[in-house]
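Q: Sharing a structure with you now.
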Amino acid sequence: MIIALTCVIVFAVIAFVLGVRPKDLPAPEPESPFKHLDDRKAAIYENLRDLQFEYRLGKLSDADYQTTKKDLQKELAVVLAEVDRVRATLGTPAAAAPKPAPAPQPTDFVCESCGAKFKQSLKFCGECGKPMGVTS
Ligand SMILES: [Zn+2]
């Protein structure tokens, strides 16, 4: 407790001496405010795919699979919420600058069994685990 308190005081003193206040800090990189979030999102999707793969290989128990999947989906929800939050604070520049043409949505790979959509072709559905046709 005392150590923690000392750390806080030391930090406060340093911050005061340096005159660093939150509003003085440089704004986050304007060019890629979503970069790290996109990276995290991609990593989570990757993990979900790996998880699905290992589950199908029988390396994971059903309980482990469900738990891990739920955790990843929770994490994904947090990241997506963060993206929304950042977008809101930035005043939705996407809406301000209309895109010439909406890029074709890459969610073209739909599981025939459960209807889950994926951004890339998968051998097996990440939701229900059924084999997915490569062509759609
Ligand atoms: Zn499916």
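FYI, it's all coordinate maths here, none of it is from the lab. Everything quoted here is computed from the prediction, not taken from an experiment. Heads up, the Cβs are rebuilt from the backbone with ideal geometry, glycines too, and the neighbour counts pull from every protein chain shown.
Q: Hey, rough spin-label estimate for GLU54 and LYS117, points 7 angstrom out along Cα→Cβ, what's it come to in nanometres?
A: 2.9
Q: In sequence order, what are the phi-derived ³J(HN,Hα) couplings for the range 80-89 according to the Karplus relation 6.51 cos²θ - 1.76 cosθ + 1.60 with θ = phi - 60°, rounded to whole Hz, with x for glycine and proline?
A: The phi angles translate into 5, 5, 5, 4, 4, 5, 4, 4, 5, 5 Hz.
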